[in-house]
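The values are calculated or read from the model by the stated rules, or taken from the named source; none is laboratory data. Predicted, not measured: the structure shown is a model, and the values here were computed from it. No Cβ is skipped: glycine too gets one built from the backbone with ideal geometry, and neighbour counts run over all protein chains shown.
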């Protein structure tokens, strides 16, 4: 039998691969022996991903489309640090254009100076600055849920998924975890940890029939999905809530791309559809995209649900670590929250909708007319995708070429992301160039700089 040894071995070796025969006579506790896994790459294969995708990233970088360095921003424009050229950023996550809002920038600077430190340099379980408590209270009031913050949406996924898989939120009974095939990488990356707690399945994207069949045969089931997908489209939230009502389905959503751009006070697609959160729905999100501040957040339950809040705090994971949003970021979060309470948010959401509709009238794309700010323009071939993006950049418009592993192999294309502060004339010009270049069969491979 082949085994792995955890800990130190004779001669100072660690974590060595040995056999039961070779360890005889060493005299260490047999509890430090663990069986070598017989199956690997059940959920991830990093080595294969690197081997497949690295050449794509290098081609994009050689075409001048990767590792860009920018200086001052002016609304949706960035300025190249290399040649001072200004370009329109058509792949920005700041859907409302708030990342350079004076109130947010000033609050970040003023808060760190007022507190006199970036962080407490200890776990939040031991001590926190008052500004962290106040910020989570502000967010909880704004979104009418119980909010905990963390360093990123990915850290929120790390905190949430194993906890849910353990059965801690389902009366101690570990549920069947069902992932949407297109769920974001930060959700999929947690599958090994989830599988250590319970069973999991992956079903086709937005397949309500497959999900309902599983609901019929499994009393305790959690569905894991994005609300708004990073490559375009959204979850059928209303139909999922109907399944929840019918079967008791537990829902876990990543709302990173829906927060701020959707719903009253920017509550996002899920809460806007639900009205109020319930005990069988958890939302994780980014405070760094449409919200334009820093970090991530978890909507863990109804406003004032101290038991649910304590469960997440004590449930191990990133919340117990010393990393969290620093005081500058917390100041930015508070300023953004104030904007979300004001009529300015309504105006920004209206302008964003107008820009989305204007683009949709000019360029056919997947999920056209869904009212969301992400559009995926399918091309297919990686080289042609990079070539089109390079020609657009030469015309002063940056748009991100997507390829594996961001999108499935053979489905390369361009991700266009609209902002509230884009000028209609700029959208019109970009759309015309995009139509021209995608209609040209011999758009050509990318020119290496």
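Does residue 408 qualify as being part of a helix (DSSP H, G or I), surrounded by fewer than 19 Cβ atoms within 10 Å (Cβ to Cβ) and out of contact with any strand residue (DSSP E or B) (no Cβ under 9 Å at 6 or more places or on another chain)? Criteria not met by residue 408.
A single member of 389, 335 is assigned to a helix (DSSP H, G or I), buried (at least 24 other Cβ atoms within 10 Å of the Cβ) and at pLDDT 90 or above, and it is 389.
Selection of the stretch 352-381 for residues being part of a helix (DSSP H, G or I) and surrounded by 18 or more Cβ atoms within 10 Å (Cβ to Cβ) yields 352, 355, 356, 359, 360. Looking at 259, 287, just one residue is surrounded by 23 or more Cβ atoms within 10 Å (Cβ to Cβ), in contact with a strand residue (DSSP E or B) (Cβ under 6 Å, 6 or more places away or on another chain) and free of Cβ contacts under 8 Å to residues at least 40 places away in the same chain, and that residue is 259.
Identify all residues within the stretch 245-256 that are within 12 Å of residue 216 (Cα to Cα) and touching a strand residue (DSSP E or B) at 6+ places or on another chain (Cβ under 9 Å); write none if there are none. Once the filter is applied, which keeps residues that are within 12 Å of residue 216 (Cα to Cα) and touching a strand residue (DSSP E or B) at 6+ places or on another chain (Cβ under 9 Å), the stretch 245-256 yields 247, 248, 249.
When the stretch 301-332 is limited to residues that are in a loop (DSSP other than H, G, I, E, B) and within 15 Å of residue 111 (Cα to Cα), the one that is farthest from the chain's Cα centre (by Cα) turns out to be 326. The set of residues from the stretch 416-445 being within 29 Å of the chain's Cα centre (by Cα) and either more than 25 Å from residue 233 (Cα to Cα) or at pLDDT below 95 (or both) comprises just one member, 438. When residue 384 is tested against (1) crowded, with 22+ Cβ neighbours inside 10 Å; (2) more than 22 Å from the chain's Cα centre (by Cα); (3) within 26 Å of residue 126 (Cβ to Cβ), exactly one condition is not met: (3).
Yes/no matrix, rows are residues, columns are (1) within 16 Å of the chain's Cα centre (by Cα); (2) under 21 Å from residue 182 (Cβ atoms); (3) assigned to a loop (DSSP other than H, G, I, E, B):
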| residue | (1), (2), (3) |
| --- | --- |
| 241 | no, yes, no |
| 245 | no, no, no |
| 253 | yes, yes, no |
| 257 | yes, yes, yes |
| 265 | no, no, no |
| 279 | no, no, yes |
| 292 | yes, no, yes |
| 299 | yes, no, no |
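With a requirement of 2 or more residues that are at pLDDT 80 or above and closer than 27 Å to residue 405 by Cβ, the strands (runs of 3 or more DSSP E) lying completely within the stretch 21-106 that satisfy it span 86-89.
May I ask you to list the residues in the stretch 82-112 that are surrounded by 12 or more Cβ atoms within 10 Å (Cβ to Cβ) and free of Cβ contacts under 8 Å to residues at least 60 places away in the same chain? Matches in the stretch 82-112: 100 only.
Among the residues making up the stretch 75-105, none is under 21 Å from residue 293 (Cβ atoms) and more than 26 Å from the chain's Cα centre (by Cα).
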